[in-house]
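What follows is a set of notes on a single structure, which appears directly below.
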């Protein structure tokens, strides 16, 4: 916050201390830390709420909670049932149960999967890296491709390219993820088999280092291409709308009156302002993207959270399902936190008190 | 400013009133406001009994100019604008076609989607226009009757998101303060949960009936409409015509429903239309993952069942997927068309 | 002036309005302990620049904004105490005219519904009576009766403002609060609406609270004037007394900025002119009204002294002790420690300037200046009275 | 002569039909001179300014007439050449200070852009030169202001930043489109003083677009009154403002409440303003002849048919009206 006026004995209103280049420096690290602190507290509260939601879901499911937790293996062996009752303290009064549940989740114990007969947290955490890799790779590429297409098409709003981009963005949004995935599998499986259509690496290859990375990349081509098609469509649509809106603002007319070249006006002024809503959308888009990733993993057999979700649905393995919901909510919260802070760095107007784009 | 007919008053008539004449402190003629008299202020009076002061006989002031344009009804204006936009028109036609095929199709085609028609993986031919699936059921029958589940879930889920979103958004936007902060925290909480995952958990726990699928999708995707409604209510609440209704004595419910909501509807209707397409996609994903209503055929279900045989039986996946694609595309284009036709002239 | 006329219709005592801005702690004092009276059937002007709190005061009187403190009496009814049905029961007695014709009419309603809505909400008359009165109102504000079925976007700016005025009169109110009714209009339309307002005021026996930032309009339209700055009334008097010789440096500064170039302007600028802005606009301000110019304070750092920090006559006393609103002449109030000196200094400057302009008239031989009152000339060469409207 | 515009006609095309927005406008400004273009909204004053700068919005185009800047005919220049002149030889100040600056770029850099793109001085000196300019327009502590953002400035101070941007490449002509309309009276007076000082110091020619007669009287030495796209009167400021010849100009002056100081100030209350009935006809509604004939009290058949031409009267005061010509009203 540039002008620290609300401290009791505020000195004469001062501007941010003059500093060198770089937009970030100008904000003052104190104000950024305060904003991050506020948002962090907010995120922890959200996480707690998700845990409580999980608890409520388990207890509101039809039937005895122990049955629910045991899932498909339920009722087969009395020892398991007894062990579940003891672990979750199901015979205790409800508030006590919530406390036990929250305490165990906080200590990293998300319960035990009887189908995979291993602790849920370990099971899930092993599947997180491939999903994160797939998502971050796809989100970045989708953002780059989408924004570039959107910006280019906003240069000449009713040119053929612009109509093409609009059509692409509509088609990208309208096609269901699993359908696109399967169509790509069909194309690259049957007619142009240059990419593997299943799994994450050649089981037989056993490559090391760079070769291994390349192999994973080849395997990731189709799943990420599916995600990119979907998300690039949304980015291009928003980028085009945001650019057109900014190009009609007064400060663009001022820039032109200063005699700046059209590209300088376009990139130097319009794009800088147009990026802000796009950053916001990237944050909000992370949740739906994760959902898309789950489906794509199921289609392409990518060993991430998606496959785990698919299997645990079949086995009605609630601890795993709820664990995944918690972990993915965490990932979304972290993503929102990052985009919020990125938003503050770009936009000098955002004060400390006010929350970021989500507010 | 709309071009208006310039009916010129006869210049002679428009001569201004003699400055020292009526303009000065002439005592008011006839029934002045206080003549009407009011029962003692505190005492509540039945609304319709109060006399309406008719004010004074008094010549109209010069400079009467007739505003322009015939008084067309809003619906004709809406239709005119909507039909002018090609995308909207195409969308409306596409959606209509999909709805018709889904409602009339099963009756006309007459084949039961669950009935084994012939050998599995039959390629599309005259007999089975869309071929058969992995157990030999007719894909065309599946597509026709599957649409009923997908589109109805899409419509009703979108209605649910609209109801929840409108309520939370309008209350948060209008009342502000603590209510706003609390409701926005709730919205933020729901937004953190990836919508498909949340819907999956709900359906898994509470059973994959069509009703539960609709409710889960509704619960997982109302946040956009809520945010949009809140933003519109906060913007309109500050405008003069709402303040004028306050000064005229409008109560909070009337302000929210009769004054603010009609002006807030256009962007909300567009968002709700988008939610229909979003819900269809979500229903597709759910049934693709095997969470749809088992005894109801659905587009996602067909694709989910045949996904492993896509390489050698492409038609089992391509046609149902195309059905989803076309209906979602139709709804999207219609909502784009709505956007242009509905945007108010307020700006 | 019969006895009934010096009765006060509207009495506002110690009115304060505060805004809490999300993000910056502490409340912004938009209106600070303002008191004034509006005589029945008279027009009271509230004049001030943007951010002076004049619109917030008006909205508080209309109970659109909840005042932080203070009481508002309409006739003998204390409005601040009322709420819900009781307040709505009084609503027909006081109505409001808004500034921006584009946003003060509900775009979804036809003219007929716009005019009948206030009567409906106040429960006045039957449906047919309301429609008749709506047609009658249109005629009174100079709009043809057959445009009842049209929507606001089919009217021009001036016509929409006439519709807004007709709506305000629909419940035959005693008090009309007009918030910058002509600021958003062009000069020619502005004159038409000002004439309309004065005709309606005279013929309906209305009492008007007139908010504006334009001194020329206020002098033309108002019987009494209160000059507001940073949420306070700095000077209050009858129009005649105030414009003949103000007694607050800020009023002089406003006047000197609103008169055309010439000897008087340069003299007044030297004596009372504002020093150019020094500090940055503080982000915590509340910024509305006709002009979107920022304000340099946020009501937080009240260090007790007079708020007019840019005053050229500022002394030590002004910095420590905040001046009360004192009555320095009968009916003429000023919030300045040096009010008397300011009045005398201003009077001298005025007299001085009018002396040499009268000599110059004789020298040029075409005594152009009108007989009543001394309108101060534009460029030194030809003294004719010059149109002045900010 | 810094700027001379001859018989400029600008048309706006909506769909198939085109309407004249500015008709046969001629004006000229010498070095150090200021011409005020006065008129109600919708009379084409902003469109004229934008056509001079070559910034006409889509749908508007120059139909005929020529614009010459410093002897060079710029109305026929290709877009790229014209762009080189903007900021360098002529620059513009806009009305709404709150939205005319880029909200996410420090103001110093927004000014430096002008110097950089026109290569006025080597990159090293740019920052120093900007800081001097900021000081020249009266912004306190310019060294630190360089890094401040627009939202930290008041309306008046932002308009000063706009002036700096306009002056950075020391152009010959500044077009100010309603520079003080969005400001309060006191701040407006300061900005007009600033413009007058800058003009005196740098010998600038200023084209002031305004609907506010006070601003015109304070800054301009000549005034041209526009009505519905046509110039109806032009002359020295105090001549035009004190005894206007054209009925519209006279109606405009009379219809505004005059601020009178000293005794006898309240007669305003009783006196009704002399009004001009009706409204300005929008471009699509303008018939032949003099556009004002509908609202003019002295309109004759001739006024309805023929377009009055501008006739020079005494002291460079010219008017375009048949009535004024015959009647010879003083």
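Quick note: the coordinates plus some simple rules give every number you see, no bench work behind them. Model, not experiment: these values are computed from the prediction. Using ideal geometry, Cβ is built from the backbone for each residue, glycine included, and neighbour counts are taken over all protein chains shown.
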Item checked: Gaussian network model of chain D, Cα within-10 Å springs - most flexible of D:66, D:76, D:318 -> D:76
Next item on the list: Quick one: order A:318, C:250, B:109, A:88 by neighbouring beta-carbon count within 10 Å, fewest to most.
Entry: B:109, A:88, A:318, C:250
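Report relative contact order for the stretch D:1-101 in percent, whole number only (criteria: Cα-Cα under 8 Å, sequence separation at least 6). Write down the numbers at each step before the final one.
Values: 139 pairs, mean separation 31.7, N = 101.
Relative contact order for the stretch D:1-101 comes out at 31 percent.
Once the Cα gyration tensor of the stretch A:126-346 is diagonalised, what are the square roots of 5 times its eigenvalues, in whole Å and ordered largest first, as equivalent ellipsoid semi-axes? Write out the running numbers ahead of the final one.
Values: eigenvalues 265, 84, 50 Å².
Here the semi-axes work out to 36, 20, 16 Å.
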Item checked: DSSP beta bridges in the stretch C:2-242 [antiparallel fraction, %, rounded to 5] -> 55 percent
Check: For the stretch D:60-86 and the stretch C:309-341, what is the separation of their C-alpha centers, rounded to whole Å?
Finding: 57 Å
Margin query: If you take every DSSP beta bridge fully contained in the stretch D:1-155, what fraction is antiparallel? Give it as a percent rounded to 5.
Written below: 95 percent
Notebook entry, point to check: Counting alpha carbon pairs within less than 8 Å and at least 6 residues apart, what relative contact order, in whole percent, applies to chain D?
Noted result: 20 percent
Checklist line | Rounded to 10°, Cα long-axis angle of helix D:123-136 versus longest principal axis of chain D | finding: 50 degrees
Check: Helix D:107-117 versus the longest principal axis of chain D: what is the Cα-based angle in degrees, 0 to 90, to the nearest 10?
Finding: 90 degrees
Item checked: In nm, spacing of pseudo-spin labels at residue D:66 and residue A:264 (7 Å Cα→C-beta vector) -> 3.0 nm
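Based only on other Cβ atoms within 10 Å, what is the fewest-to-most ordering of B:314, A:192, B:299, A:179? Could you put the intermediate results ahead of the total?
Working: B:314 21, A:192 8, B:299 31, A:179 27.
Ranked by crowding around the Cβ, least crowded first: A:192, B:314, A:179, B:299.
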Notebook entry, point to check: Cα centroid distance between the stretch B:180-197 and the stretch B:102-138, in Å?
Noted result: 43 Å
Next item on the list: Enter the mean number of other protein chain beta carbons within 10 Å of the beta carbon of each residue in A:313-326, as an integer.
Entry: 3
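Please report, to one decimal in angstroms, the Kirkwood hydrodynamic radius of chain D built from all distinct Cα-Cα pairs. Please report the intermediate quantities before stating the final value.
Values: mean 1/r = 0.0471 Å⁻¹.
This gives a value of 21.2 Å.
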Next item on the list: Describe numerically, in nm with one decimal, the distance between label points set 7 Å from Cα along Cα→Cβ at residue A:94 and at residue A:250.
Entry: 5.7 nm
Checklist line | Within a Gaussian network of chain D (alpha carbon springs, distance under 10 Å), most fluctuating of D:69, D:261, D:37 | finding: D:261
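Would you order B:214, A:263 from fewest to most other beta-carbon atoms within 10 Å of each residue's own beta-carbon? Don't skip to the end; give the middle numbers.
Details: B:214 22, A:263 9.
Lowest count first: A:263, B:214.
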Margin query: I'd like the FRET efficiency for residue B:181 and residue C:37, computed as 1/(1 + (r/R0)^6) with the beta carbon distance as r and R0 of 45 Å, rounded to 0.05.
Written below: 0.65
Next item on the list: Taking 7 Å along the Cα-to-C-beta vector as the label spot, tell me the residue A:190-residue D:309 distance in nanometres, rounded to one decimal.
Entry: 8.1 nm
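Convex hull over the alpha-carbon atoms of the stretch B:76-346: what's its volume per residue in Å³? Mind showing how you got there, number by number?
Details: hull volume 38.5 nm³, N = 271.
So the per-residue Cα hull volume is 142 Å³.
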Notebook entry, point to check: So, in Å, what gap is there between the alpha-carbon centers of the stretch C:102-167 and the stretch B:258-281?
Noted result: 30 Å
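Let me check against my output: what whole-number percent is the relative contact order of the stretch B:227-307, with C-alpha pairs under 8 Å and at least 6 apart?
Relative contact order here is 21 percent.
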